[in-house]
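The values are calculated or read from the model by the stated rules, or taken from the named source; none is laboratory data. Since the model is a prediction, treat every value here as computed from it, not as a measurement. Cβ sites come from the backbone with ideal geometry, for glycine too, and all protein chains shown count toward neighbours. Just the protein is used for accessible areas: all its heavy atoms, side chains included, with ligands, DNA and RNA removed. Shrake-Rupley method; radii C 1.70, N 1.55, O 1.52, S 1.80 Å.
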Amino acid sequence: MTMREPIKKSVKEAIQAIQTLASEEGLEFLEKLSWMIIDTYRQGGKLLIAGNGGSLCDAMHFAEEMTGFFRAKRQALPAIALSDPGHMSCVANDLSFDDVFARGVQAHGKKGDLFIALTTSGNSENLFRAVKASQKRGLKTVAFLGKTGGKMKGLCDLEWIVSGFKYSDRIQEAHMAAIHIIIEMVEAELMQHAEEIDLEPAGAH
């Protein structure tokens with residue numbers, strides 16, 4: 001028995017998912033979000049990023065590429081993945097799981113920050129509430145979406161919907177590729193003008 005054919009089918013689907021970035025909508029999203037993040041950092045703001053399950057892992061990945069390194073040795077860029085288990089279990093236990101990210105925004109968010117939601121369905125109530133909390137506090141909001149966009153379609157300042165895929169894994173693969181490209185663009189632009197936000201190489205004095 002061979003797995004070759006189903007493997008080839010999955011590889012083809014994965015390629016199709018990544019190719020959504022090359023659409024006009026995908027390219028526009030990549031460019032606009034890159035500049036939104038650059039402007040956020042130039043104005044002294046930070047990123048707050050959230051998602052559920054695999055998308056929460058992607059949020060953590062997104063944040064660590066900013067606070068750590070991507071392709072250049074540089075000072076850290078402020079980004080928080082709303083993933084702390086103590087906070088999440090406390091809020092879920094005392095209020096509800098629907099409030100875990102909204103409370104994180106209330107704790108860490110301020111005007112000038114940027115909230116980024118990652119959800120393949122667009123129907124996660126905890127992310128919906130977090131967007132609303134962000135808007136109330138004056139944060140800009142962005143959504144990485146999938147399928148039809150769900151209840152979050154049209155809610156944020158900027159959104160990208162990866163449609164045409166039944167399962168979340170393909171959507172998340174497109175989201176993660178987009179995240180890497182965006183980080184690459186942000187880092188390159190900020191390093192080119194490092195003096196604007198004190199981005200001297202790490203360890204420099």
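Structural remarks
- When you restrict to C-alpha pairs under 8 Å that are six or more residues apart and normalise by the size of the chain, the relative contact order lands at 24 percent.
- Scattering curve values for the stretch 138-188, log₁₀ I(q)/I(0), Debye with Cα scatterers, q = 0.15, 0.24 Å⁻¹: -0.46, -0.95
- Rounded to the nearest 20, the size of the Cβ-charge dipole of the stretch 8-64 about its Cα centre is 220 debye, with Lys and Arg at +1 and Asp and Glu at -1.
- For the stretch 89-150, the dipole from Cβ point charges (+1 on Lys and Arg, -1 on Asp and Glu) about the Cα centre works out to 340 debye, to the nearest 20.
- In a simple Cβ point-charge model (Lys, Arg +1; Asp, Glu -1; nothing else charged), the chain has a dipole of about 560 debye relative to its Cα centre.
- Dipole axis of the chain (+1 Lys, Arg; -1 Asp, Glu on Cβ), positive-most option in VAL142, GLY54, HIS193: GLY54
- Net length gained if the chain between LYS12 and GLU31 were fully extended (0.36 nm per residue, minus Cα distance): 4.2 nm
- Distance distribution P(r), the stretch 2-93, all Cα-Cα pairs, bin width 5 angstrom from 0: 3, 11, 13, 17, 18, 15, 11, 8, 4, 1, 0, 0 percent.
- Top positive-direction residue, dipole computed over the chain with Cβ charges, set GLY44, MET1, PHE29: MET1
- Heavy atoms of CYS57: accessible area, 1.4 Å probe, square angstrom to 10: 80
- Within the shell of other residues whose beta carbon sits under 9 angstrom from the beta carbon of ILE179, the net charge comes to -2, with Lys and Arg scored +1 and Asp and Glu -1.
- Full extension of the chain between GLU189 and CYS90 yields a length gain of 31.7 nm, computed as 0.36 nm times the residue separation minus the alpha carbon distance.
- Residues ASP169 and GLN43, FRET efficiency given R0 of 30 Å [Cβ-Cβ distance, rounded to 0.05]: 0.25
- Highest mean packing first, where packing is the average number of other Cβ atoms within 10 Å per residue, the peptides 70-76, 125-131, 179-185 line up as 125-131, 179-185, 70-76.
- Whole-Å semi-axes of the chain's equivalent ellipsoid (Cα gyration tensor): 27, 23, 16
- Calculated [θ] (222 nm, deg cm²/dmol) that DSSP helices of n ≥ 4 give over the chain, each run adding -39,500 (n - 2.57): -17000 deg cm²/dmol
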